[in-house]
Amino acid sequence: MKKLIAAAVAALAFSSAPAALAKGVAIEANGARAHSVWGGEFGVGYNFTLSGFTLRPIGGAFVYKGDNDRYYEDHFSNGQSRCRDSSTGQFANDAKCSNTAVKAYGKIEATYTLPASFEFGGGARFSSEKIRPYGTVSFPIGPKIRVKGNAGDRYYALGLRADF
């Protein structure tokens, strides 16, 4: 969870920076399938662009439902609920019932953008000591916002990217 908070703080810091300092910054938010589960990717990167070609390193967090089903929400007749440990029956900290997991990831993408049109290319995603190559394509829906899709070996993502 700390990694998710750090990624959110970094994204907020980059998005609130003056335009001159933020030139080249990219923020992405994707629904993704990675590590054999569905979740959300939230990342921050930087665009190194020259004549339509872009090299984009990205770092972020993949947030998904964890596999710890030991804790559950126990609902009482008075309308209240508490987190409970199913193996002992004892009450537990409410944070244990969220069952949210976070994995850090890094990506590098190399793309070419047709003038005011589609962007296409390839990339590699680094997470859990695995490297997954993928293809990527995006198209603009606004001056600085693109719909983006990635597809590769056991990795799929669809979402938005904002470039500053």
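The values are calculated or read from the model by the stated rules, or taken from the named source; none is laboratory data. Quantities reported herein were computed from a predicted structural model and do not represent experimental measurements. Cβ: placed from backbone, ideal geometry, glycine included. Neighbour counts: every protein chain shown. These accessible areas exclude ligands, DNA and RNA; they are computed on the full protein's heavy atoms, side chains included. Shrake-Rupley method; radii C 1.70, N 1.55, O 1.52, S 1.80 Å.
Observations
- Relative to the longest principal axis of the Cα atoms of the chain, the long axis of helix 2-15 makes an angle of roughly 40 degrees.
- Calculated over segment 20-60: convex hull of Cα atoms, volume per residue (Å³): 85
- Rounded percent of accessible protein surface that carbon and sulfur make up, the chain, 1.4 Å probe: 63
- Semi-axes of the equivalent ellipsoid for segment 58-111, computed as √(5λ) from the eigenvalues of its C-alpha gyration tensor and ordered from largest down, come to 35, 11, 7 Å.
- Extended-chain gain in nm, criterion 0.36 nm per residue less alpha-carbon gap, Thr100 and Val37: 21.5 nm
- Accessible surface, the chain, averaged per residue in Å² (probe 1.4 Å): 59
- Between Ile145 and Asp69, residue separation times 0.36 nm minus the direct Cα-Cα distance comes to 23.6 nm.
- Projected label distance in nm at Ala162 and Ile108, using a 7 Å step from Cα toward the beta-carbon: 2.8
- Centroid-to-centroid, using Cα positions, segment 51-66 and segment 74-108 are 29 Å apart.
- If you wrap the tightest convex hull around every Cα atom of the chain and split its volume per residue, you get 139 Å³.
- Shown here for segment 49-140: trypsin sites (Lys or Arg not before Pro) in loop regions (DSSP other than H, G, I, E, B) with at most 11 other Cβ atoms within 10 Å, of which there are none.
- One chain, two ends: Ala116 and Lys130. Fully extended at 0.36 nm per residue, the span grows by 1.6 nm beyond their Cα-Cα distance.
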